[in-house]
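Scroll down for the structure; my scribbles are underneath it.
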Amino acid sequence: MWWLPVLGLLIGIMLGLAFSVAVPGEYSRYTAMAILAAMDSIFGAIRAQLEGRFDNRLFLSGFFVNIILASALTLLGDRLGVELYIAAIVAFGVRGFDNLAKIRRQLIQQLSGPRTAQEAQGD
């Protein structure tokens, strides 16, 4: 079932490409932050599924809370004249790359079979 979030992401991308939706320039930062926050949640869900600890309620709440938090930081920064959205970019970016690294590691371990004790010590 790890493929379900990936399938949802692919369907979303295909729908986005099929329907030409123009986002006004003043909302482009908010849209980019929402997409980054959503991708962070999706990568976290894939990782949790591979580790056998996926919880749909946690995924959905994290998905929407991440989007709201990223949008709120962007809005607050716009109101204060400070680019606070950069903090969200860094946070979600680091988490996204961390989750991708852990997903890759899990997939490689699952595909290569069980590891020996010597290989485990090398990590």
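Tell me whether region 2-10 contains one or more residues that are of a type in the set (A, V, I, L, M, F, W, C), modelled with pLDDT of 90 or more and under 20 Å from R95 (Cβ atoms).
No, every residue in region 2-10 fails to be of a type in the set (A, V, I, L, M, F, W, C), modelled with pLDDT of 90 or more and under 20 Å from R95 (Cβ atoms).
If a residue has to be more than 18 Å from A37 (Cα to Cα), among the polar types (S, T, N, Q) and either modelled with pLDDT of 85 or more or surrounded by 13 or more Cβ atoms within 10 Å (Cβ to Cβ) (or both) to count, how many in region 81-121 make the cut?
Residues that pass the stated criteria total 4.
Can you tell me which residue is nearest to Q109 (Cα to Cα) among those in region 29-68 that are surrounded by 15 or more Cβ atoms within 10 Å (Cβ to Cβ) and of a type in the set (K, R)?
R47
Given the condition of a type in the set (S, T, N, Q) and either closer than 20 Å to I13 by Cα or under 13 Å from the mean Cα position of the chain (by Cα) (or both), answer yes or no: does some residue in region 64-81 qualify?
yes
Which numbered condition trips up S71, out of (1) touching a helix residue (DSSP H, G or I) at 6+ places or on another chain (Cβ under 8 Å); (2) among the small types (G, A, S); (3) farther than 21 Å from N99 by Cα; (4) surrounded by fewer than 18 Cβ atoms within 10 Å (Cβ to Cβ)?
Failed condition: (4).
The values are calculated or read from the model by the stated rules, or taken from the named source; none is laboratory data. Because the structure is predicted, anything quoted here is derived from the model rather than measured. Every residue, glycine among them, receives a Cβ derived from its backbone with ideal geometry; neighbour counts consider all protein chains shown.
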